[in-house]
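Trainee: Quick one: structure below, then a few questions.
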Amino acid sequence: GLILFEHLQAQATTPALVDALTMSFYSAILGRAIAEGTKFVDVEEAFISALFHNLGRILAALYLPDEVAIINASEGDTDVAVHSVLGMSYSALGIGVASTLKLPTKLAHSLTRVSGPQSRQSMTDSEKLACVSTLANKIADALAANTSARHKRDAINALVASYGAHFAALNGK
């Protein structure tokens, strides 16, 4: 995974790609920390899963910079803009490419977005990785948002709480 990211960083010529790579690496570090704090999934699997969770966004920034510029310039919901411009979500793009590249099934399945309300007591290992990866990426997005520290803290606390008992050990950390 890190070799791929080193290769992509060498090609990072647009701010959107640099941002996507930076956010993915930061999300991977958060994914590892979440796994360490919760003992919910393997720490290294959480790192790799969170690193690749935004594969679609990274690939779009690398290969479709003009489309990504249109998406980033749009007002309103980013997910709607992505779907409008690309015809699919970043997640669907990443999952499709992961399948085409024959990435390990567990990793490919962990690219699925699992929101807090979708998490439940009984989950497969891939679903658990998807939860950790989604949470790590959403926390990274909350931290990168142009808002006050208090708003960021409130957003992160709400995210952690929405994932339920699996992540209770993270409350307040």
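Trainee: When the helix-only estimate is applied to the chain (DSSP H runs of n ≥ 4, each -39,500 (n - 2.57), divided by the residue count), what is the mean residue ellipticity at 222 nm, nearest 500 deg cm²/dmol?
Mentor: On the way: 10 runs with 120 residues, N = 173.
-21500 deg cm²/dmol, from helical runs alone.
Trainee: Follow-up. So how tilted is helix 90-100 from the main axis of the chain? Cα-based, degrees 0 to 90, rounded to 10.
Mentor: Helix 90-100 sits roughly 80 degrees off the main axis of the chain.
Trainee: At a 1.4 Å probe, what is the % contribution of carbon and sulfur to the accessible area of the chain?
Mentor: Carbon and sulfur: 58 percent of the exposed surface of the chain.
Trainee: By how many degrees, between 0 and 90 and to the nearest 10, does the Cα long axis of helix 149-162 differ from the longest principal axis of the chain?
Mentor: 70
Trainee: Rounded to two decimals, what is Rg over Rh for the chain when you use alpha-carbon atoms and the Kirkwood radius?
Mentor: Taking Rg over the Kirkwood Rh, I get 0.95.
Trainee: For segment 39-139, what does the accessible surface come to per residue with a 1.4 Å probe? Please give it in Å². Numbers along the way, then the final one.
Mentor: Details: 5080 Å² over 101 residues.
Per-residue value: 50 Å².
Trainee: Right, something else. If one takes the longest principal axis of the Cα atoms in the chain, at what angle in degrees, from 0 to 90 and to the nearest 10, does the Cα axis of helix 125-144 lie?
Mentor: Rounded to the nearest ten degrees, it is 70.
Trainee: Segment 48-143: Rg/Rh from Cα coordinates, Kirkwood Rh?
Mentor: 0.98
Trainee: I need the phi-derived Karplus couplings for segment 68-76: 6.51 cos²θ - 1.76 cosθ + 1.60, θ = phi - 60°, integer Hz, Gly and Pro marked x.
Mentor: 5, 4, 5, 4, 5, 7, 6, 8, x
The values are calculated or read from the model by the stated rules, or taken from the named source; none is laboratory data. It should be emphasised that the depicted structure is a prediction, and the values quoted were computed from it without experimental measurement. Ligands, DNA and RNA are stripped out before the accessible areas are found, and what is left, the full protein with its side chains, is counted by its heavy atoms. Shrake-Rupley method; radii C 1.70, N 1.55, O 1.52, S 1.80 Å.
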